[in-house]
1. Suppose each label sits 7 Å from its Cα in the direction of the beta carbon; what would the Lys270-Asn248 distance come out to in nanometres?
2. Only helical DSSP H runs with n ≥ 4 go in: add -39500 (n - 2.57) per run for the chain, normalise by residue count and round the 222 nm mean residue ellipticity to 500 deg cm²/dmol.
3. For labels at Lys153 and Lys93 in the simple 7 Å Cα→Cβ model, what's the distance in nm?
4. Expressed in nm², what is the orientationally averaged projection area of the convex hull enclosing the Cα positions of the stretch 50-197?
5. Looking only at the chain, where both bridge partners belong to it, what percent of the DSSP beta bridges are antiparallel (to the nearest 5)?
6. How large is the dipole of the chain about the Cα centre if only Lys and Arg carry +1 and Asp and Glu carry -1, each at its Cβ, rounded to the nearest 20 debye?
7. Starting from the 7 Å offset along Cα-to-Cβ, what nm value, one decimal, do you get for the label separation of Met176 and Gln130?
8. Quick one: putting +1 on the C-beta of Lys and Arg, -1 on the C-beta of Asp and Glu, what dipole do you get for the stretch 19-104 around its Cα centre, in Debye to the nearest 20?
Amino acid sequence: MEKLEKLKKERNAIILAHNYQRPEIQDIADFVGDSLALAMKAKQTDADVIVFCGVDFMAESAKIINPDKIVLFPDEKAKCPMAAMVDAESLIKLKEKYDYDIVSYINTSAAVKAVSDICCTSANAVKVVQSMPGGVIFVPDENLGNYVMRFVKDKEIILWPGFCPTHMGISLKDIMKLKEEHPEAEILAHPECTPDVIDIADKVASTEGMVRYAMESESREFIVATERELCYRMKKEMPDKEFYPVKNAVCPTMKTITLEKVIKSLEEMKPQIKLSEEIMEKAKKPLEKMLEMGRG
Ligand code: 13P
Ligand code: SF4
């Protein structure tokens, strides 16, 4: 790891990693967190180069917040399938029909953010929608939108039929099987999960929210209904507690970034996130508004 440290120093680089990244990436990162924490960290850093270990929309957000910094994205193939489920053109058409504000989940392309009024993450979606003056078009995650609607009853919310394939694959049956094996365990679920999973969860939260909840809880065991690598971070930070991932809860695109690719990106200073000036300028406003709202 000497090589990596040397490169980081030479480039004045910081490594940001999402909670779903491989253990070896989490171990070398300067900061590991959820989408909101990573966007906040990207805003605060005085590094010249951000090496972003996550998926496309997260690295793009870091670039939009920091147009003058270099954002390295070690594997350009790491694209979130949910973010690809909504496009700016269709969204503009929907806005013409309803004339409501567009709240876009951070899991969207820069072009979609550019036509949005505000962004949100799973950590502040309820707070963001509650803050809107009238009706809302919420894109692209239908499950997160339905979760928000449990709390926001005074506005019309138009949902988009997007979904996360990883969270859709987390079944109530598999969770209940784990619960039978570990009856004392609390169930933590991400709001991208289906409503039947949300119904039985003891806590619904963003990935960072789950870490914080587990730290404060007196329980010693947790069933973690989100991408399984979050359990690595949890066990590392709470070695005296047990965390049980759910069968098949893997996000393949989060796994494309490897240690070798991180080192190579710093050596070659590529691939870099490149976006048009116009898109960046427009997308910055809804992202900054979201950052001002903070955690929910
Ligand atoms: P968090 O913001 O909760 O980390 O979630 C990001 C994500 O992609 C969930 O699938
Ligand atoms: Fe996208 Fe789902 Fe992977 Fe999160 S877990 S990055 S929403 S595919």
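The values are calculated or read from the model by the stated rules, or taken from the named source; none is laboratory data. All values derive from a computational prediction rather than experimental measurement. FYI the Cβ positions are ideal-geometry reconstructions off the backbone, even for glycines, and counts take in every protein chain you see. For accessibility, only protein heavy atoms count, side chains too; no ligands or nucleic acids. Shrake-Rupley method; radii C 1.70, N 1.55, O 1.52, S 1.80 Å.
1. 3.9
2. Dividing the helical sum by the residues of the chain leaves -12500 deg cm²/dmol.
3. 3.5
4. Approximately 10.5 nm², given one-decimal rounding.
5. 5
6. Magnitude of the dipole: close to 360 debye.
7. 3.2
8. Value, rounded to 20: 160 debye.
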